[in-house]
Amino acid sequence: GIQVEQSPPDLILQEGANSTLRCNFSDSVNNLQWFHQNPWGQLINLFYIPSGTKQNGRLSATTVATERYSLLYISSSQTTDSGVYFCAVENYGGSQGNLIFGKGTKLSVKP
Amino acid sequence: DTEVTQTPKHLVMGMTNKKSLKCEQHMGHRAMYWYKQKAKKPPELMFVYSYEKLSINESVPSRFSPECPNSSLLNLHLHALQPEDSALYLCASSQARESSYNEQFFGPGTRLTVL
C-alpha cells in the first residue's frame, strides 16, 4: 500500500519562529489533507490540498503531486500551535475514503 | 454547520459490558467513517459507510459492530472488548465517495478505556 512519511518527527521552536513540515508519499493521490491534533485529541482540518498552494493566515501549504510531496509552512509560531501535525492521503485507485496517515510531526512552541 | 459531534467524550467499560459510541453530522454528508487511534500513533481506518451502506471493513474484529441508522448518524456497538482496545475512537464524515471533493471532517473523539 501507499507509504506516507513525515519529517521531522519532532520539532521544538521559540515563539515567533517559522517552520516547514514535510510529507512524502509513495504513490499517486486524489486526496491530501493536513491536520493539527490538539492535546485533547481533536483533529482540526488545516488544508485539503491534493495539488497546488493554499494559504490561511499564518499557515500555508503546497503539494507537488508529480513529485509526491507536500509542505506545510507555519510562520510566526505561537504556543497554541503546539500539538501533532498529520498529513493524510487517499491513494488514487485505492479504497475510496481510506485516509492513510503519516506518523505525524510533534511540534512544541516555547514562550 | 461544519461540525461532527461524538458522545460520550469518555467511556470506561469492563470486558463483559456492552456499550455504544455515537456520532452525528448535519453537513449533508453521505459518507461516514470510524477510525481508531492508539496513544502516540496515527489514526487507522476501521469502517466506511456510504449512503448508509457499509462499504469498507478494515478486518475489524466482530466485537466492534457498526451501524448507520440514517445519513446523519453513525453508531459503534462494543461487546466483549479487550484491554488492548483502549484507544481514542474518531468519527469522520465527507461528501459522497463518488464526489470529486472528499475532504473528511473529524469529531472530537471518544476516549475508551477497557478494564
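The values are calculated or read from the model by the stated rules, or taken from the named source; none is laboratory data. As the structure is a computational prediction, the values presented were derived from the model and not from experiment. Glycine gets a Cβ as well: all are built from the backbone with ideal geometry, and neighbour counts include every protein chain shown. Keep in mind that these areas ignore ligands, DNA and RNA; they rest on the heavy atoms of the full protein, side chains included. Shrake-Rupley method; radii C 1.70, N 1.55, O 1.52, S 1.80 Å.
The rows are residues; the columns are (1) within 12 Å of the chain's Cα centre (by Cα); (2) basic (Lys, Arg); (3) closer than 18 Å to residue A:49 by Cα.
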position: A:71; (1), (2), (3): yes, no, yes
position: A:74; (1), (2), (3): yes, no, yes
position: A:77; (1), (2), (3): no, no, no
position: A:84; (1), (2), (3): yes, no, no
position: A:89; (1), (2), (3): yes, no, yes
position: A:92; (1), (2), (3): no, no, yes
position: A:101; (1), (2), (3): yes, no, yes
position: A:109; (1), (2), (3): no, no, no
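If you take the residues of segment B:80-92 that are small (Gly, Ala, Ser) and more than 10 Å from chain A (Cβ to nearest Cβ), which of them is least open to solvent (accessible area, probe 1.4 Å)? Full working, then the answer.
Here is the first cut: in segment B:80-92, the ones small (Gly, Ala, Ser) are B:80, B:86-87, B:92.
After this cut, where a residue has to be more than 10 Å from chain A (Cβ to nearest Cβ) as well, the list is B:80, B:86-87.
Details: B:80: 41, B:86: 32, B:87: 10 Å².
Step by step, filter segment B:80-92, then rank; the result is B:87.
Output the qualifying pairs, or none if there are none: Cβ atoms under 7 angstrom, residues six or more apart or on different chains, first residue in segment B:24-52 and within 11 Å of chain A (Cβ to nearest Cβ), second residue aliphatic (A, V, I, L, M) and open to solvent by 70 Å² or more (accessible area, probe 1.4 Å).
Sorted first by the residue in segment B:24-52, then by its partner, the pairs are B:47/B:54.
Return yes or no: is residue B:59 surrounded by fewer than 16 Cβ atoms within 10 Å (Cβ to Cβ) and more than 13 Å from every other protein chain (Cβ to nearest Cβ)? Before the answer, list the steps.
Working: surrounded by fewer than 16 Cβ atoms within 10 Å (Cβ to Cβ): yes; more than 13 Å from every other protein chain (Cβ to nearest Cβ): no.
When the stated conditions are applied, residue B:59 does not pass them.
Among the residues of segment A:54-96, which ones are surrounded by fewer than 16 Cβ atoms within 10 Å (Cβ to Cβ) and within 13 Å of residue A:18 (Cα to Cα)?
A:58, A:73, A:75, A:76, A:78, A:79
Go over the candidates A:24, A:18, A:31 one by one and state the one that is in contact (Cβ under 8 Å) with a residue 24 or more places away in the chain and in contact with a Lys or Arg (Cβ under 7 Å, 6 or more places away or on another chain).
Values: A:18 fails: in contact with a Lys or Arg (Cβ under 7 Å, 6 or more places away or on another chain); A:31 fails: in contact with a Lys or Arg (Cβ under 7 Å, 6 or more places away or on another chain).
Just a single option satisfies the conditions, and that option is A:24.
Applying the selection to segment B:1-51, what residues are assigned to a strand (DSSP E or B) and small (Gly, Ala, Ser)?
If the condition is that a residue be assigned to a strand (DSSP E or B) and small (Gly, Ala, Ser), then B:20, B:31, B:50 are the ones that fit.
Filter segment B:39-56 down to residues that are out of contact with any Asp or Glu (no Cβ under 8 Å at 6 or more places or on another chain) and open to solvent by 80 Å² or more (accessible area, probe 1.4 Å), then give me how many there are.
The total comes to 6.
Please work out which residue is farthest from residue A:75 (Cα to Cα), limiting yourself to segment A:1-13 and to residues that are under 16 Å from the mean Cα position of the chain (by Cα) and part of a loop (DSSP other than H, G, I, E, B).
Taking the candidates together, the pick is A:3.
If we keep just the residues of segment A:14-35 that are open to solvent by 20 Å² or more (accessible area, probe 1.4 Å) and part of a strand (DSSP E or B), which is farthest from residue B:37 (Cα to Cα)? Lay out the reasoning, then the answer.
The first filter runs over segment A:14-35 and keeps only residues open to solvent by 20 Å² or more (accessible area, probe 1.4 Å), leaving A:14-18, A:20, A:22, A:24, A:26-30.
Applying the additional criterion that residues be part of a strand (DSSP E or B) yields A:14, A:20, A:22, A:24, A:29-30.
On the way: A:14: 29, A:20: 25, A:22: 22, A:24: 21, A:29: 23, A:30: 23 Å.
Checked segment A:14-35; the qualifying residue farthest from residue B:37 (Cα to Cα) is A:14.
Starting from segment A:99-111, keep only residues that are open to solvent by 10 Å² or more (accessible area, probe 1.4 Å), then list their pairs with residues that are of a type in the set (D, E, K, R) and assigned to a strand (DSSP E or B) whose Cβ atoms are within a distance under 7 Å, requiring at least 6 positions of separation or different chains.
Final answer for the pair search is A:106/A:10.
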